[in-house]
Amino acid sequence: MLRRSVVVAAVAVALALGLSACASAAAQPKESASIPAGITGVGVEMFQRPWTSIGTECGSTLGPAGFSWVLTSPPQEHITGTQWWTSYQPVSYTVDSKLGTEQQFADMVKACRAAGVKVIADAVINHMTAQGAGTGFAGTAFTKYAYPGLYGPKDFHHCTLTPDGSIQDYTSRAQVQTCELVGLADLDTASAHVRTTIAGYLTHLLGLGVAGFRIDAAKHMAAEDVAAIVAMLPKGTPVISEVIRGAEEPIQPEEYTRIGQVFEFAYARELGPQLTAGVLMDPARADHVPSASAVVFVDNHDTERGDAAVTYRDGPLDLMADALMLADDYGTPVVYSGYAFSDPDAGPPQDASGHVTGWECAGATGPKASYADGEGVCAEAWKSIAGMIEWRDAAGAAERRPGVSKGAAYGFERTGRAVIAANPGSSPATLAVPTTLPAGTYCDVIADGPSMDGCAGGATVRVSDGAATFDLDAGQTAAIHLGATG
Ligand code: AAO
């Protein structure tokens with residue numbers, strides 16, 4: 001037990017240091033096999049972005065800002081329709097969708113790799129469509145339980161536990177894993193044929209250069225089924241399972257951590273409400289998976305339409321949440337970048353053929369006060385995010401010291417490396433954060449972006465007598481690090 005926790009800590013440190021999974025595996029020969037290789041560095045979910053847009057931005061925005069990976073929307077053929085969520089109803093595993101063709105996908109992966117950005121693809125493998133019959137975006141004819149060349153009726157669960165076969169009770173493991181999620185034809189992932197077919201699709205995507213996968217709706221597949229599919233992929237392929245932590249539910253993310261990382265939904269649920277309440281505190285992290293297993297986020301494409309406390313609509317608070325997440329020593333962070341909407345079902349702007357027209361964000365320096373429906377939020381291009389990625393690199397594996405607060409203002413140090421302070425309150429505040437940083441003048445990388453531009457913008461913070469003193473406006477965040485001095 002003790003031995004295992006030591007290994008967990010060692011791997012967490014290795015991940016925080018940005019060492020490769022291979023290096024940490026080599027240092028910890030046997031036990032480290034119990035912690036699967038994961039994705040490291042800062043990621044960004046580019047929701048409903050066409051491959052051409054992402055490819056361009058890898059070179060213009062993501063690479064230069066220091067993002068290590070990008071999570072795409074699902075790349076496979078899907079049902080037709082203008083809603084964003086058509087992407088989550090697969091019709092075939094042909095890589096031809098409203099987001100682009102296979103060639104465009106491959107070109108994007110190549111451009112991103114050249115910019116030092118790995119591509120993580122969203123893998124929708126729990127189910128197919130909910131429709132009686134139709135023709136998919138790339139022209140494949142299907143019925144709800146028959147997909148040419150892939151699956152027939154025997155490859156699906158036909159749930160009789162509820163009147164309409166859909167999940168009604170999340171406290172029932174059997175319903176969650178054998179009934180239909182919102183009516184979507186539920187693949188029998190215990191079947192050898194289904195497993196092999198899914199693994200074939202994922203292997204094809206790996207052949208196009210993707211680094212790993214988000215496993216959509218992983219909760220709805222038995223962990224052993226997901227494990228068996230992942231075992232058919234090259235050893236060490238990073239996977240991030242989407243298993244929403246739900247109170248009183250029998251299936252929790254911990255069941256899936258032996259397969260890879262998981263999205264830790266409890267992280268945003270702890271951080272977000274503090275921001276809206278204007279009272280920041282040190283994290284309690286009750287019921288969180290270990291850091292090395294956690295991928296954390298402020299919001300994602302579901303929660304910005306659901307229970308996220310902070311989204312793009314909250315401007316400075318959204319930026320503050322991202323900054324605090326990037327400053328943290330817990331988990332692998334993924335920034336979210338979608339588009340503005342009034343109608344939660346509305347897809348992004350599309351042309352007459354149904355292809356998403358896309359948008360590019362180079363030059364978008366920060367959150368806007370308001371967005372028109374369909375307009376890209378462009379968080380990946382905000383200079384403060386790039387500044388915080390640099391801050392995070394500077395902090396490295398340094399310990400997060402307990403925070404201090406005064407009124408609504410709160411701040412903490414990553415020992416001897418970097419300090420952040422935030423004021424979610426409604427009036428200005430001055431906060432002195434104890435620090436072991438050398439005395440001097442430091443650039444605020446939130447105000448001015450990475451240090452190559454920092455201090456040039458004139459925003460500075462003084463460190464003297466063992467404290468960094470921040471003068472913060474209402475809603476302001478500021479952050480300094482050892483590598484950016486004035
Ligand atoms: C669409 C239409 C439906 C229609 C269906 C079929 O909207 O009306 O019936 O087509 O025609 C996306 C959209 C869906 C869309 C679907 C298919 O979100 O609206 O349906 O595509 O086109 C559960 C799953 C989780 C899933 C989430 C949406 O466990 O995996 O539902 N997320 C992924 C994707 C998502 C996608 C799919 C899966 C399907 O990210 O975009 O759907 O591929 C509790 C449970 C969760 C459960 C939620 C559902 O969560 O714990 O497991 O998620 O309920 O509402 C608190 C609680 C937490 C609770 C949460 C609810 O935080 O602590 O327990 O509130 O917000």
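Tabulated results
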quantity: Residue that is nearest to the ligand (Cβ to nearest atom) [pool: residues in segment 95-121 that are farther than 29 Å from Asp343 by Cα and in a loop (DSSP other than H, G, I, E, B)]; calculated: Val117
quantity: Test for Tyr88: is it assigned by TED's automatic domain parsing to the domain that holds Phe213, within 16 Å of the ligand (Cβ to nearest atom) and out of contact with any helix residue (DSSP H, G or I) (no Cβ under 9 Å at 6 or more places or on another chain); calculated: yes
quantity: Selection within segment 76-121 - touching a His at 6+ places or on another chain (Cβ under 6 Å) and in contact (Cβ under 8 Å) with a residue 60 or more places away in the chain; calculated: Thr86, Gln89, Lys98
quantity: Entirely in segment 131-245, the strands (runs of 3 or more DSSP E) that have 3 or more residues that are in the same structural domain as Val117 (by TED's automatic domain parsing) and in contact (Cβ under 8 Å) with a residue 24 or more places away in the chain; calculated: 212-215, 239-241
quantity: Residues satisfying the stated conditions in segment 244-265, i.e. within 9 Å of the ligand (Cβ to nearest atom), buried (at least 16 other Cβ atoms within 10 Å of the Cβ) and not charged (D, E, K, R); calculated: Ile244, Ile251, Phe265
quantity: Every residue from segment 119-141 that is open to solvent by 10 Å² or more (accessible area, probe 1.4 Å) and either under 10 Å from Gln89 (Cβ atoms) or within 29 Å of the chain's Cα centre (by Cα) (or both); calculated: Ala130, Gln131, Gly134, Phe137, Ala138
quantity: Matching entry among Ile240, Ile229 (being surrounded by 20 or more Cβ atoms within 10 Å (Cβ to Cβ), under 21 Å from the mean Cα position of the chain (by Cα) and under 27 Å from Trp51 (Cβ atoms)); calculated: Ile240
quantity: Number of positions in segment 34-61 that are farther than 18 Å from Ala386 by Cα and either of a type outside the set (Lys, Arg) or open to solvent by 10 Å² or more (accessible area, probe 1.4 Å) (or both); calculated: 13
quantity: The listed residue being over 22 Å from Ala217 (Cα atoms) and open to solvent by less than 50 Å² (accessible area, probe 1.4 Å), out of Asp329, Asp343, Asp318; calculated: Asp318
quantity: Test result for Gly41, in a helix (DSSP H, G or I) and at pLDDT 95 or above; calculated: no
quantity: Residue in segment 410-430 that is at positive phi, acidic (Asp, Glu) and either in contact (Cβ under 8 Å) with a residue 40 or more places away in the chain or not assigned by TED's automatic domain parsing to the domain that holds Tyr330 (or both) present; calculated: no
quantity: Filtered residue count, segment 444-473, keeping only those that are under 26 Å from Asp314 (Cα atoms), under 28 Å from the mean Cα position of the chain (by Cα) and hydrophobic (A, V, I, L, M, F, W, C); calculated: 3
quantity: Segment 266-288 - residue that is without any contact (Cβ under 8 Å) to a residue 24 or more places away in the chain and open to solvent by less than 60 Å² (accessible area, probe 1.4 Å) and, of those, farthest from Arg400 (Cα to Cα); calculated: Ala266
quantity: Total residues in segment 371-386, condition within 17 Å of Glu304 (Cβ to Cβ) and either in contact with a Cys (Cβ under 7 Å, 6 or more places away or on another chain) or buried (at least 24 other Cβ atoms within 10 Å of the Cβ) (or both); calculated: 7
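The values are calculated or read from the model by the stated rules, or taken from the named source; none is laboratory data. Because the structure is predicted, anything quoted here is derived from the model rather than measured. A quick note on method: Cβ atoms are made from the backbone with ideal geometry, for glycine too, and the neighbour counts reach across all protein chains shown. For the accessible areas, the whole protein counts, side chains as well, though only heavy atoms, and no ligand, DNA or RNA atoms are used. Shrake-Rupley method; radii C 1.70, N 1.55, O 1.52, S 1.80 Å.
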